[in-house]
Amino acid sequence: MFGRKPTSVPPISAPAAPADPFAVSRNNMIEHQLRRRGVVMHAVLEAMRTVPRHLFVPHEQSARAYDDEALPVAAGQTISQPFMVGIMTQELQLRPGMRVLEIGTGTGYQAAILSHLVGPTGHIYSIERIPELADSARRRLEALGISNAEVLCADGTMGWPLYAASPPPVFDRIIITAGAPAVPEPSLGQLADGGILIAPIGPADSQMLNRFGRTGGQLTRQELFICRFVPLVGAHGWPDPPPGFPVSAESA
């Protein structure tokens, strides 16, 4: 007696992972905005390729997250253009294990980039004066599983308050992400020997991005290029509100 020939059953495969709708935009950002304009450090490029910038902008701005421009965020602030984030990060010359002070958390995007570069043995201490931004930045970083960065709501021009009375300086690197009339003295006091501080310094209409280095107690300064940032408001910065400031954070 003849039976039917068994029907072969195709193997069950796992569903394909959804394509990243921002992958092409992120790659274009890396190749056209960063690499071609001098951001060439591999670790910086990979960090910016990894961190989902579209999650750090308002939902209605997500389609523009990887464009070559600063974007408006909450409380009248901005997220800096990708090139500015990349070049400032590259100038810090970060290494795993470093302790970094960021003044001006904003949405938390810069802190997320820094956290990748210092690795699990390093730590990012970020200060944001606007409670709304500080709270949302904490939530974003936590949602992405970034545990080596903390956000404090305070006057960033006063430095990290836990160490304000600790005379040896404690931070390997300091990055100031808003335009200041001068480098806040408390920040300089918290820069370690061998440390680097990056800050945009100058009047309201434009600033010069500066790279400061400390070696053996001596401070050196290198001017990089003209830029425009939102104001650094605080006791050692501009008054609130400062007159004449633009509402962007980008290269001039």
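The values are calculated or read from the model by the stated rules, or taken from the named source; none is laboratory data. Note that the structure is predicted; figures quoted are calculated from it, not measured. For neighbour counting, all protein chains shown are included, and Cβ atoms are generated from backbone atoms with ideal geometry for every residue, glycine included.
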**Message:** Just checking, does the range 83-104 include any residue being modelled with pLDDT of 95 or more, out of contact with any Ser or Thr (no Cβ under 8 Å at 6 or more places or on another chain) and of a type in the set (Gly, Ala, Ser)?
**Reply:** yes
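Residues checked against (1) crowded, with 20+ Cβ neighbours inside 10 Å; (2) among the charged types (D, E, K, R):
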{"position": "His32", "(1), (2)": "no, no"}
{"position": "Arg36", "(1), (2)": "no, yes"}
{"position": "Ala63", "(1), (2)": "no, no"}
{"position": "Tyr66", "(1), (2)": "yes, no"}
{"position": "Gly76", "(1), (2)": "no, no"}
{"position": "Gln81", "(1), (2)": "yes, no"}
**Prompt:** Of (1) surrounded by 24 or more Cβ atoms within 10 Å (Cβ to Cβ); (2) over 21 Å from Ala192 (Cβ atoms), Ile124 satisfies all except one. Which?
**Reply:** (2)
**Prompt:** How many residues are touching a helix residue (DSSP H, G or I) at 6+ places or on another chain (Cβ under 9 Å) and either β-branched (Val, Ile, Thr) or closer than 21 Å to Gln81 by Cβ (or both) when one looks only at the range 201-230?
**Reply:** 7
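Taking the condition touching a Gly at 6+ places or on another chain (Cβ under 6 Å) and crowded, with 24+ Cβ neighbours inside 10 Å, does Thr105 pass?
Working: touching a Gly at 6+ places or on another chain (Cβ under 6 Å): no; crowded, with 24+ Cβ neighbours inside 10 Å: yes.
Judged against the criteria, Thr105 is not a match.
What residue, among those in the range 231-252 that are closer than 15 Å to Ser80 by Cβ and at pLDDT 90 or above, is surrounded by the fewest Cβ atoms within 10 Å (Cβ to Cβ)?
At the first step, the residues of the range 231-252 found to be closer than 15 Å to Ser80 by Cβ are 231-232, 245-252.
The next check asks that each one be at pLDDT 90 or above; those that pass are 231-232.
On the way: Pro231: 21, Leu232: 28.
In this case the residue turns out to be Pro231.
Given the structure, is Arg35 among the basic types (Lys, Arg) and not in a helix (DSSP H, G or I)?
Values: among the basic types (Lys, Arg): yes; not in a helix (DSSP H, G or I): no.
It is false that Arg35 is among the basic types (Lys, Arg) and not in a helix (DSSP H, G or I).
Conditions tested, residue by residue: (1) more than 21 Å from Met98 (Cα to Cα); (2) in contact (Cβ under 8 Å) with a residue 60 or more places away in the chain.
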{"position": "Glu150", "(1), (2)": "no, no"}
{"position": "Trp160", "(1), (2)": "no, no"}
{"position": "Thr177", "(1), (2)": "no, yes"}
{"position": "Asp193", "(1), (2)": "no, no"}
{"position": "Cys227", "(1), (2)": "yes, yes"}
